[in-house]
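**Q** Would you mind keeping the following structure in view while I ask a few things?
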Amino acid sequence: MKIIANNYEAKDIFRIVREWTETTQKDFAKAVNRSTRTIQDYEAGVTKYSMNMLLDIAQKYNLKITIEKK
């Protein structure tokens, strides 16, 4: 599956990535060394996550992040 990140908010991208891993918020939190509350806050847009965090998740779950010029 492929998404165009420009069409989403950061919170939605985080949720989509987690859903692609087919894990619950609790299991995902454990896998990425965060609390379940932190994952909930990322997905609600309450807390911002870093690009490094997203890259670490991509590496862990064998996801590809592509940035291309229009």
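**Q** It is to be established whether one or more residues within the range 4-11 are part of a loop (DSSP other than H, G, I, E, B), out of contact with any helix residue (DSSP H, G or I) (no Cβ under 8 Å at 6 or more places or on another chain) and not aromatic (Phe, Trp, Tyr). Steps first, answer last, please.
**A** Going through the range 4-11, the residues part of a loop (DSSP other than H, G, I, E, B) turn out to be 4, 8-9.
Within this subset, residues satisfying the condition of being out of contact with any helix residue (DSSP H, G or I) (no Cβ under 8 Å at 6 or more places or on another chain) are 4, 9.
Then keep just the ones that are not aromatic (Phe, Trp, Tyr); that gives 4, 9.
Within the range 4-11 (the criterion being part of a loop (DSSP other than H, G, I, E, B), out of contact with any helix residue (DSSP H, G or I) (no Cβ under 8 Å at 6 or more places or on another chain) and not aromatic (Phe, Trp, Tyr)), the answer is yes, since at least one residue qualifies.
**Q** Pull out all pairs, ordered by first then second residue, where Cβ-Cβ is under 7 Å, the residues are six or more apart or on different chains, the first lies in the range 18-32 and is among the polar types (S, T, N, Q), and the second is at pLDDT below 95 and part of a loop (DSSP other than H, G, I, E, B).
**A** These pairs meet every condition: 21/61.
**Q** Separate question: Answer yes or no: is there a residue in the range 31-44 that is touching a helix residue (DSSP H, G or I) at 6+ places or on another chain (Cβ under 7 Å) and open to solvent by 100 Å² or more (accessible area, probe 1.4 Å).
**A** no
**Q** Looking at 55, 63 in this structure, which one is part of a helix (DSSP H, G or I), open to solvent by 30 Å² or more (accessible area, probe 1.4 Å) and among the hydrophobic types (A, V, I, L, M, F, W, C)?
**A** Selected residue: 55, the only one of 55, 63 that is part of a helix (DSSP H, G or I), open to solvent by 30 Å² or more (accessible area, probe 1.4 Å) and among the hydrophobic types (A, V, I, L, M, F, W, C).
The values are calculated or read from the model by the stated rules, or taken from the named source; none is laboratory data. All of these numbers come straight from a predicted model, not from anything done at the bench. Counting neighbours? That spans all protein chains shown, and the Cβs are built from the backbone with ideal geometry, glycine included. Remember, those area values only see protein heavy atoms, side chains included, never the ligands or the DNA or RNA. Shrake-Rupley method; radii C 1.70, N 1.55, O 1.52, S 1.80 Å.
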